[in-house]
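Written out below as structure tokens is the structure these notes cover.
The values are calculated or read from the model by the stated rules, or taken from the named source; none is laboratory data. Just so it is clear, the model here is predicted, and its values are computed rather than measured. FYI the Cβ positions are ideal-geometry reconstructions off the backbone, even for glycines, and counts take in every protein chain you see.
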């Protein structure tokens, strides 16, 4: 199966050559907001995703803020989306490990569920939930409600970029991601930490935070959908776009990146 592959971007990815990037991804999620503030690049990124015909969704980075809880944070996301909510459902980014506001796990779980319910009530789409076992483990059974949602897991089998991204072609990476799919409680225990996730199945898998894509001068989060782009289109109700196969992506990004100002200097040729 040729899994659909995409990225998630925010203000950190402020320099993008969309002509190159659009040929190397099937979909993307764009950060709209975090806590009580908006992402300054959302409108620009969304306009480009539209222009280049890429299925996109917005995402909100959750903070356990007692003065700006689940209702307010959900409404901030929806306000940013406006009349165009994207082809993909919103993503609820649940990874505030620091818990800088000091709220307890029960309160956080309750407010997170309120957020998700509010999103669905306002735009008619159930959000996807992004998280990882390192985040969810301390909650125990408090997050079992999340299993009713599409799960987006962050799990990085390769500790170094050179282990994976730079040493394999696009097609080889497709084969690897099929072989090393995220391990869930119902299957094997190769990654026992995933037994602490609230999900019994996965829909998306972020397999690296150090990916490279043509048109982006630095690292980017890369994820795969558990199916083809046609499967994704059928599930979320949009018109499918043929899956790109940029077999020479390393050359493309290197040539473009070398024209960019420092600190990025490009990938050294072999």
Contact list please: Cβ distance under 7 Å, first residue in segment 41-55 and closer than 14 Å to residue 13 by Cβ, second residue assigned to a helix (DSSP H, G or I), pairs at least six apart or on different chains. 42/80; 48/18
Say we look at segment 217-239 and pick out the residues that are touching a helix residue (DSSP H, G or I) at 6+ places or on another chain (Cβ under 9 Å) and free of Cβ contacts under 8 Å to residues at least 60 places away in the same chain; which of these is nearest to residue 10 (Cα to Cα)? 219
Counting only residues in segment 1-13 that are in a loop (DSSP other than H, G, I, E, B) and in contact with a strand residue (DSSP E or B) (Cβ under 8 Å, 6 or more places away or on another chain), the one nearest to residue 57 (Cα to Cα) is identified as 10
Could you tell me whether residue 66 is closer than 24 Å to residue 239 by Cα, in contact (Cβ under 8 Å) with a residue 24 or more places away in the chain and part of a loop (DSSP other than H, G, I, E, B)? no
Quick check on segment 148-157. Is at least one of its residues modelled with pLDDT under 90, more than 30 Å from residue 219 (Cα to Cα) and assigned to a loop (DSSP other than H, G, I, E, B)? no
Can you name the condition, by its number, that residue 196 falls short on among (1) surrounded by 15 or more Cβ atoms within 10 Å (Cβ to Cβ); (2) more than 25 Å from residue 30 (Cβ to Cβ); (3) modelled with pLDDT of 85 or more? (3)
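Please find, within segment 199-210, the residue that is surrounded by the most Cβ atoms within 10 Å (Cβ to Cβ) out of those that are in contact with a helix residue (DSSP H, G or I) (Cβ under 8 Å, 6 or more places away or on another chain) and in a strand (DSSP E or B). Reasoning before the result, please.
Within segment 199-210, the subset in contact with a helix residue (DSSP H, G or I) (Cβ under 8 Å, 6 or more places away or on another chain) is 199-200, 205, 207-208, 210.
From what's left, in a strand (DSSP E or B): 205, 207-208, 210.
On the way: 205: 21, 207: 25, 208: 23, 210: 19.
Applying the filter and picking the extreme gives 207.
Which ones in segment 14-49 are over 21 Å from residue 240 (Cα atoms) and in contact with a strand residue (DSSP E or B) (Cβ under 6 Å, 6 or more places away or on another chain)? Lay out the reasoning, then the answer.
The first filter runs over segment 14-49 and keeps only residues over 21 Å from residue 240 (Cα atoms), leaving 14-17, 31-44.
Listed by number, the residues that qualify are 31, 32, 33, 34, 39, 42.
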Looking at the structure I just gave you, is residue 113 surrounded by 14 or more Cβ atoms within 10 Å (Cβ to Cβ) and either at pLDDT below 90 or touching a helix residue (DSSP H, G or I) at 6+ places or on another chain (Cβ under 6 Å) (or both)? yes
Which residues, taken from segment 71-109, are without any contact (Cβ under 8 Å) to a residue 24 or more places away in the chain and in a helix (DSSP H, G or I)? 79
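Could you count how many residues in segment 15-39 are part of a loop (DSSP other than H, G, I, E, B) and more than 18 Å from residue 50 (Cβ to Cβ)? Let's see the steps before the verdict.
The first filter runs over segment 15-39 and keeps only residues part of a loop (DSSP other than H, G, I, E, B), leaving 15-17, 22-26, 35-36, 39.
Those still in the list that are more than 18 Å from residue 50 (Cβ to Cβ) too: 15, 35-36.
Number satisfying all stated conditions: 3.
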Read through the list (1) surrounded by fewer than 19 Cβ atoms within 10 Å (Cβ to Cβ); (2) within 23 Å of residue 151 (Cα to Cα); (3) at pLDDT 95 or above, then give the number of the only condition that residue 47 fails. (2)
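Could you pull out the residue among 227, 215 that is surrounded by fewer than 19 Cβ atoms within 10 Å (Cβ to Cβ), at pLDDT 60 or above and either at positive phi or in contact with a strand residue (DSSP E or B) (Cβ under 9 Å, 6 or more places away or on another chain) (or both)? Explain how you work it out, then say what you get.
On the way: 215 fails: surrounded by fewer than 19 Cβ atoms within 10 Å (Cβ to Cβ).
On inspection, the qualifying residue turns out to be 227.
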Out of all the residues in segment 83-106, which are surrounded by fewer than 16 Cβ atoms within 10 Å (Cβ to Cβ) and closer than 18 Å to residue 35 by Cα? 95, 97, 98, 99, 100, 101, 102, 104, 105
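For the structure I just gave you, tell me whether residue 129 is modelled with pLDDT of 95 or more, surrounded by 15 or more Cβ atoms within 10 Å (Cβ to Cβ) and not in a helix (DSSP H, G or I). Lay out the reasoning, then the answer.
Values: modelled with pLDDT of 95 or more: yes; surrounded by 15 or more Cβ atoms within 10 Å (Cβ to Cβ): yes; not in a helix (DSSP H, G or I): yes.
It is true that residue 129 is modelled with pLDDT of 95 or more, surrounded by 15 or more Cβ atoms within 10 Å (Cβ to Cβ) and not in a helix (DSSP H, G or I).
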